[in-house]
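The values are calculated or read from the model by the stated rules, or taken from the named source; none is laboratory data. In this text, all values refer to a predicted model and were calculated from it rather than measured experimentally. Virtual Cβ from ideal backbone geometry, glycine too; neighbours counted across all protein chains shown. Quick note on the areas: whole protein, heavy atoms, side chains included, nothing else; ligands and nucleic acids left out. Shrake-Rupley method; radii C 1.70, N 1.55, O 1.52, S 1.80 Å.
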Amino acid sequence: TGYGARGIGFRDSCQDLLAWIPQDPEDAASFLLRLLSFQRSDGSAWHQFNPLTLEPSTGDAAEMADRPSWYGDDHLWAVAAACALVRETGDAGFLDRTAPWRDRPDAFSGEASVRDHLERALAFTLEHAGSHGLPLLGYADWNDTINLAAGAESCLCACLFGWVALQLADLYRSTGDSAGAARLGAMHADMKARFESAAWDGSWYAAYFTADGTAIGSASSDGRIFTYAQSWPVIAGFATEERANLAMEAHDRLLLTPRGVKLMWPCYRGYDPDVGGVSTYPPGAKENGGIFLHTNPWVVMAACLRGEPDRAWELFRRINPLSWRDEPTRYRAEPYVFAQNVLGDDHPEFGLARNSWLTGTASWAWVAAVERMLGIRPSMDGLLVDPALPADLGGFTAIQRFRGTEFRITVRRGGEKCMCVDGTALQGSLVPLSAFRGKPSVELMVTLPAAGLA
């Protein structure tokens, strides 16, 4: 509900905005400015806030005095949300709007431009790095239940940093700030080099390093594998084709179930105070080897980026709640909404859905399905339409509103890839601004090669 001590999550809201921005960019902009008002002047962010009193808190980090009070990823999600908003609207002036800093729960401490908020978020991550040069975990990263002693590093945060650095570089490039774009591109390249040097272990990517340098989620140490540690190097543009192939082969062999991808394998079989909350759940539940649905769209996105549309659509089908309609007594949740998690195959009630409605899966499912599978996504220069369709899908129709124009999109398979706007042929997959600016609606026809043809 967002009431009480828990409040509304900073990182959760930033990710939810990724799907809300295309629906109502003006409302999303207003809410994003409010979120940025819960960022500290050092670039980090409060973990959550009460929507009525607007009082922020550090969340679960307050429970363990020997662990950091900040999270390694919160502030980086704000960069992703801001970049998505500017891509949707084309309004780079949003970067010049202002939002206050919140260094104390009960008071603001000055204000700065959105651009400064985003730059300080990146700077905080760079300034808080561990022995491998990777971002410090803080109390946790996106996986709230991995709580390592101070000094631990997060491979997910490294990938998230790289992903948002590239997005912000693209915005800077489109507004003529070539120096800023080059600087961010260099940051991405440097983090990629650090990550690839440290995280690859020969079979798949490690997920964490403890303060003493021990890898967690590594074939060479504890033998565990984490799903997000394999998909995010692809999303971030870090993984080479060879390493991505090896990592995803291990991923599918060890993590894939008929009902979706497990968050990790093997499960913890008892409480381990060194890793924290993940080991408090029964094997196969929640983050301890459960099918934590939030991570599944990331695998779908990685498959699209790797040119594997059939795999992407099959992965999406496995988590679609409608796929459970013939097994209601097993699923036991609404067949029209995502659950937070489904008990994994290490649990005796494999397939039982838990915590329906309370999940970031919905937002990421939108991003994976619309922007990657259907291939309809915004750019600063116009609308990209680059579908990744499986062999057995002949096409689709869609209506998308973008910068005041209603696009009526028809995608069909044919003999040659081409795109036409109101009957005029275009080059490539981008509908440039000049092709639709000022028009209330346009008809967009996309023809793709017949299945199986190069």
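For the condition more than 23 Å from Trp357 (Cα to Cα) and without any contact (Cβ under 8 Å) to a residue 40 or more places away in the chain, Asp42 does not qualify. When the residues of segment 28-66 are narrowed to those that are on the phi > 0 side of the Ramachandran plot and modelled with pLDDT under 95, which ends up least open to solvent (accessible area, probe 1.4 Å)? It comes out as Gly59. Residues in segment 219-243 that are hydrophobic (A, V, I, L, M, F, W, C) and in a helix (DSSP H, G or I) were compared, and the one that is surrounded by the fewest Cβ atoms within 10 Å (Cβ to Cβ) is Ile235. Evaluating Ala362 against the criteria (1) within 19 Å of the chain's Cα centre (by Cα); (2) open to solvent by less than 10 Å² (accessible area, probe 1.4 Å); (3) of a type in the set (Gly, Ala, Ser); (4) closer than 30 Å to Asp60 by Cα leaves one unmet condition, (2). Counting only helices (runs of 4 or more DSSP H) that fall entirely inside segment 280-355 and contain at least 1 residues that are open to solvent by 40 Å² or more (accessible area, probe 1.4 Å), out of contact with any helix residue (DSSP H, G or I) (no Cβ under 7 Å at 6 or more places or on another chain) and charged (D, E, K, R), the qualifying elements are 309-319, 328-331.
Apart from one condition, Val278 fits all of (1) closer than 26 Å to Gly151 by Cβ; (2) in contact with a Pro (Cβ under 9 Å, 6 or more places away or on another chain); the exception is (2). Scanning segment 102-134 for residues that are part of a helix (DSSP H, G or I) and either in contact with a Gly (Cβ under 7 Å, 6 or more places away or on another chain) or at positive phi (or both), we see that the one that is most open to solvent (accessible area, probe 1.4 Å) is Arg120.
In segment 172-188, is there at least one residue being crowded, with 16+ Cβ neighbours inside 10 Å and β-branched (Val, Ile, Thr)? Among the residues of segment 172-188, not one is crowded, with 16+ Cβ neighbours inside 10 Å and β-branched (Val, Ile, Thr), which makes the answer no.
Every residue, every condition in (1) under 30 Å from Ala339 (Cβ atoms); (2) of a type in the set (Ser, Thr, Tyr), yes or no:
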{"position": "Leu352", "(1), (2)": "yes, no"}
{"position": "Ser356", "(1), (2)": "yes, yes"}
{"position": "Leu383", "(1), (2)": "no, no"}
{"position": "Thr397", "(1), (2)": "yes, yes"}
{"position": "Arg412", "(1), (2)": "no, no"}
{"position": "Gly415", "(1), (2)": "no, no"}
{"position": "Asp422", "(1), (2)": "no, no"}
{"position": "Leu426", "(1), (2)": "no, no"}
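The residues of segment 239-266 that are under 18 Å from the mean Cα position of the chain (by Cα) and over 13 Å from Trp204 (Cα atoms), listed by number, are Gly260, Val261, Lys262, Leu263. Report yes if Thr98 is free of Cβ contacts under 8 Å to residues at least 40 places away in the same chain, under 20 Å from Asp42 (Cα atoms), surrounded by fewer than 20 Cβ atoms within 10 Å (Cβ to Cβ) and β-branched (Val, Ile, Thr), otherwise no. For Thr98, the condition - free of Cβ contacts under 8 Å to residues at least 40 places away in the same chain, under 20 Å from Asp42 (Cα atoms), surrounded by fewer than 20 Cβ atoms within 10 Å (Cβ to Cβ) and β-branched (Val, Ile, Thr) - is met. In segment 333-355, the residues that are within 16 Å of Pro258 (Cβ to Cβ) reach residues that are of a type in the set (Phe, Trp, Tyr) with C-beta atoms within less than 6 angstrom, at least six apart or across chains, in these pairs: Asn341/Phe292; Leu343/Phe350; Ala353/Tyr331. Determine whether segment 8-24 contains at least one residue that is closer than 25 Å to Asp141 by Cβ, without any contact (Cβ under 8 Å) to a residue 60 or more places away in the chain and touching a Pro at 6+ places or on another chain (Cβ under 7 Å). Yes, segment 8-24 has at least one match.
The set of residues from segment 385-429 being open to solvent by less than 30 Å² (accessible area, probe 1.4 Å), among the aliphatic types (A, V, I, L, M) and under 30 Å from the mean Cα position of the chain (by Cα) comprises Val385, Ala388, Leu389, Ala398, Ile409, Val411, Met419.
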